[in-house]
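Visitor: One structure, as structure tokens, below. Some questions next.
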Amino acid sequence: MSEPNESLPTGPLRGIKVVDASTILAGPLTAQILGDFGAEVIKIEHPVTLDGMRGHGLDKAGVPLWWKMVARNKQTITLNLSTEDGQAIFRDLAAEADVVIENFRPGTFERWGLSYDELAAPNPGLIMLRVTGFGQHGPYAERPAFGTLVESMSGFAYLTGQPDGPPTLPAFGLADSIAGIAGSSAISMALLDRERHGGTGQSIDLDLLTPIMTAVGPGVLYADQLGIDQERTGNRSQSNAPRNLYRTKDDQWVAISTSAHAIAERVMRLVGHPEVLDEPWFATGRQRAQHADLLDRYVGDWIAERTRAEVTEIFQAAGAAVAPVYRPSDLLTDPQVVETDMITTVEDDDLGPIRMQNVLWRMPNTPGSIRHTGRPPGADTDTILTRLGHSPEDIDSLRVRGVI
């Protein structure tokens, strides 16, 4: 197994040290983003159960594929935090870290002697991100929670699906992913505050519910001020029309949105119904949405007579907004994705060249990078412990006693 290529971090977080003691999925994604932008990340796994992310998703010849992405740019060390020796090692890691990320149930780190106050005593600049389903306090704090539960509670599931169908959950870890991105933002803010306002760190309480509840939109405000609940509208919108998915002649699908009034005008001229532009109700998106049946029929009939390629070409030539409904495999050959390297090729020790999503944003002066993919369990344990001052004999003893 080759050593990870840690020589080329170029992102704005280079020099920042992160200890990732979290699992599935928000915390690890937060740490992945920090690592993508230059941070040195040490991933903690239990020596027996390992990180549950290794068992999530599909594998190739026993190699977990999702792990290759979410654990990229991370060194891996196995450590049993329920043992006194494991806790002592963790305290040593935290003493030289800028950031610690954990997502155990509230009170677990306190029970292990790893509370924020204890970790920050020798390292007052420490920033700790604590990820839970519902937060560190409150009546739900002790409840086990996964993304599915907060996707349901946030209003997302209630608003998703056809009007005559059931509430619908996403087919992927939406709540965790939104929280993971939010976590990277929170840590960046805390690092900036530490730099500008005195050098002290802080403990960040991030629950899974708040970020997705924010992403769902103004439903809470509508309920509070108007006493109404938004309802499912399928692929339509209450804010504009035409907005839907439409089937093409070759049995493909395209998406159309007309959030801008000028785009709505172009679409209706394009599909041969400019007369609707003179209707009083065409003036605003909300009024157009009340006539979605008519507008969808006009647009859908026109699209149904043409292939996806024809629809896309004609719409783009007219300056009207359209996009194909892609399968994941379509992204691998999309010209925009390829040209801008949104999906990039990375060399992996197990699988050779593999393609995965690139870093989240492009920063010309301090670009992020993928320096290596997810590593095997404990690949860097000996190296990290040696750096902390442990002898080979001590490391062997820790291994025999199940600490690592």
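The values are calculated or read from the model by the stated rules, or taken from the named source; none is laboratory data. Owing to the predicted nature of the structure, the values given are computational and were not obtained by experimental measurement. As a convention, Cβ positions derive from the backbone with ideal geometry for all residues, glycine included, and neighbour counts pool all protein chains shown. Side chains are part of the model used for accessible areas, which takes the heavy atoms of the whole protein and leaves out ligands, DNA and RNA. Shrake-Rupley method; radii C 1.70, N 1.55, O 1.52, S 1.80 Å.
Visitor: Look at the stretch 14-54 and say how many of its residues are under 18 Å from Asp176 (Cα atoms), of a type in the set (S, T, N, Q) and surrounded by fewer than 24 Cβ atoms within 10 Å (Cβ to Cβ).
Guide: 1
Visitor: What helices (runs of 4 or more DSSP H) completely inside the stretch 302-392 contain at least 2 residues that are crowded, with 16+ Cβ neighbours inside 10 Å and at pLDDT 95 or above?
Guide: Passing ranges, in order: 308-317, 381-387.
Visitor: Residue pairs, Cβ under 6 Å, 6 or more apart or interchain, first in the stretch 176-190 and within 15 Å of Glu102 (Cα to Cα), second part of a helix (DSSP H, G or I) and among the hydroxyl-bearing types (Ser, Thr, Tyr). List them.
Guide: Gly180/Thr30; Gly183/Thr30; Ser184/Thr30
Visitor: Taking the stated definitions as given, is Gly183 at pLDDT 95 or above, out of contact with any His (no Cβ under 7 Å at 6 or more places or on another chain), open to solvent by less than 20 Å² (accessible area, probe 1.4 Å) and not in a helix (DSSP H, G or I)?
Guide: no
Visitor: In this structure, is Glu142 of a type in the set (Asp, Glu), surrounded by fewer than 18 Cβ atoms within 10 Å (Cβ to Cβ) and within 19 Å of Thr210 (Cβ to Cβ)?
Guide: yes
Visitor: If you don't mind, there's one more thing I want to ask. Under 7 Å by Cβ, and 6 or more places apart or on different chains, what pairs join a residue from the stretch 38-63 that is at positive phi with one that is open to solvent by 70 Å² or more (accessible area, probe 1.4 Å)?
Guide: So the pair list comes out as Gly38/Arg14; Gly57/Leu65; Gly57/Trp66.
Visitor: Tell me, yes or no, whether the stretch 97-104 has at least one residue that is open to solvent by less than 20 Å² (accessible area, probe 1.4 Å) and charged (D, E, K, R).
Guide: Within the stretch 97-104, one or more residues are open to solvent by less than 20 Å² (accessible area, probe 1.4 Å) and charged (D, E, K, R).
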